[in-house]
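Student: Can you read through this structure? Questions will come right after.
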Amino acid sequence: MSASGGSRAIIAAFLANMGIAAAKIVAWLVSGSASMLAEAIHSLADSGNQLLLLLGGRMSRRRADAEHPFGYGRERYVYAFVVSIILFSVGGLFSIYEGVDKLTHPHELENFWVPLVVLVVAIVLESLSLRTAVKESNHVRAKGQSWVGFVRHAKAPELPVVLLEDVAALTGLVFALFGVGLTAITGNSVFDAIGTLMIGTLLIIVAIVLGIETKSLLVGEGATMSDHDRIVAAIQDGSEIEKLIHIKTLYLGPDELLVAAKLGFESDRSLGEVAADIDRIEERVRAAVPAARVIYLEPDILRHDGPTPPTEEIVLRSAD
């Protein structure tokens with residue numbers, strides 16, 4: 001993923017959310033709408049989340065050291081996971097609490113036109129933020145890949161997080177508009193409370209989706225099926241080896257893939273020849289998949305007699 005592209009989407013979302021949050025707080029103070037308070041907290045939580053994503057990106061660029069020899073690339077996954085927790089607790093649970101409180105202690109909505117105007121303006125600003133996120137995502141989204149597939153399989157967490165947050169924000173604004181609008185028309189504050197509960201439920205669902213996806217990245221994901229196939233093809237493309245015995249891949253960070261493989265050579269090859277062959281194979285792998293920056297290739301003598309090892313003769317493939 002382009003780091004600058006991800007940063008542009010995050011900054012655009014941050015600026016939009018800060019402005020929207022301020023307007024929503026004013027609208028809540030003027031009208032007393034629970035939906036507006038829930039939306040204000042949502043926007044503030046999103047603003048904090050964007051700062052965390054920027055911080056995670058900065059921390060991930062630290063140089064590798066003795067304590068972390070593979071670097072700090074996964075910091076971006078950690079901060080994205082924290083974002084999902086904040087969205088769940090601060091955004092979702094607080095909105096549910098406000099909705100229940102408004103149902104049990106209803107009060108009349110005042111100056112309803114203020115939150116309605118703020119909501120319409122907020123929808124326009126959030127749409128612009130989402131447009132930026134979509135534009136930057138299209139630069140890295142594979143041709144023909146669905147948006148669901150992009151969110152599920154993206155190795156860089158920033159753009160999927162911003163996309164989901166912006167979609168949730170827009171949907172939440174529609175829910176708030178529904179609640180405030182029906183309350184203004186009917187004079188019944190129950191609709192405002194229902195809108196708040198809908199916002200809270202939406203945020204919890206989005207937070208759970210984010211948590212599941214970032215957890216998978218934290219645990220460790222291998223190369224996508226297409227990248228895996230390109231790596232295998234690059235290894236087998238030349239005449240250096242007789243057999244690819246097994247291969248494993250692991251993302252050390254969004255832009256750094258580790259490739260480890262055992263290669264079967266004929267027993268009559270000299271050490272110098274094997275070393276030169278491995279260098280050529282590494283060049284082909286890096287050319288095929290630039291993210292494959294850390295490559296460990298273990299030479300082995302190909303045995304034509306005896307039983308085939310039950311596990312090492314399998315070329316492992318990651319699920320896509």
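Values quoted throughout were computed directly from the atomic coordinates according to the rules given, and no laboratory measurement underlies them. Every value quoted in this text rests on a predicted model; they were computed, and no experiment measured them. Every residue, glycine as well, gets a Cβ built from its backbone with ideal geometry; the counts of neighbours run over all protein chains shown.
Student: Cross-link partners among lysines for K102, C-alpha distance below 21 Å, same-chain residues fewer than 8 apart left out?
Tutor: Straight-line reach from K102, under 21 Å: K24.
Student: Sticking with this one: Which of the DSSP-defined H helices in the chain satisfy a minimum axial length of 30 Å, computed from C-alpha atoms, and a minimum mean Kyte-Doolittle hydropathy of -0.5?
Tutor: Values: long enough: 3-31 (41 Å, 1.33); 34-60 (39 Å, 0.59); 113-138 (37 Å, 1.23); 158-186 (41 Å, 1.71); 190-219 (43 Å, 2.00).
Sorted by number, the helices that extend far enough and score high enough are 3-31, 34-60, 113-138, 158-186, 190-219.
Student: So, one more: Taking Cα centroids, how far is the stretch 57-74 from the stretch 215-253 in Å?
Tutor: 22
Student: Name the lysines eligible as straight-distance cross-link partners of K215: C-alpha to C-alpha under 25 Å, and not fewer than 8 places from it in the same chain.
Tutor: Once the sequence-local lysines are set aside, what remains near K215 is K155, K248.
Student: Efficiency by 1/(1 + (r/R0)^6): what FRET value for N188 and V219, r their Cβ-Cβ distance, R0 = 56 Å, to the nearest 0.05?
Tutor: It comes out at approximately 0.75.
Student: Along Cα→Cβ, 7 Å out, is where each label goes; now give me the distance between the ones at D300 and R280 in nm to one decimal.
Tutor: Once both label points are built, they end up 2.3 nm from each other.
Student: When I208, I25, I247 are ordered from fewest to most other Cβ atoms inside 10 Å of their Cβ, what list results?
Tutor: Working: I208 14, I25 18, I247 21.
So the ranking, lowest neighbour count to highest, is I208, I25, I247.
Student: Would you mind putting 72-79, 280-287 in packing order, based on average other-beta-carbon counts within 10 Å, highest first?
Tutor: Packing proxy ranking, top to bottom: 72-79, 280-287.
Student: Something else now. Out of the DSSP beta bridges found with both residues in the chain, what percent are antiparallel (nearest 5)?
Tutor: DSSP beta bridges in the chain are roughly 55 percent antiparallel.
Student: Let me ask you something else. I want to check the label-to-label distance for L128 and L55. Put each point 7 Å from Cα in the C-beta direction and report it in nm to one decimal.
Tutor: 2.7
Student: Let me ask something else about it. Using only DSSP helix segments of four residues or longer, with each worth -39500 (n - 2.57), what per-residue ellipticity at 222 nm results for the chain after dividing by its residue count and rounding to 500?
Tutor: -21500 deg cm²/dmol
Student: Multiply the residue gap between M18 and Q236 by 0.36 nm, knock off their C-alpha separation, and tell me the result in nm, one decimal place.
Tutor: Between M18 and Q236, full extension yields an extra 73.2 nm.
Student: So, by mean Cβ neighbours within 10 angstrom, what's the order for 83-93, 155-165 with the highest one leading?
Tutor: 155-165, 83-93
Student: What is the extension gain from S7 to V121, computed as 0.36 nm multiplied by their sequence separation minus the C-alpha to C-alpha distance, in nm to one decimal?
Tutor: Residue separation times 0.36 nm, minus the Cα-Cα distance, leaves 38.6 nm.
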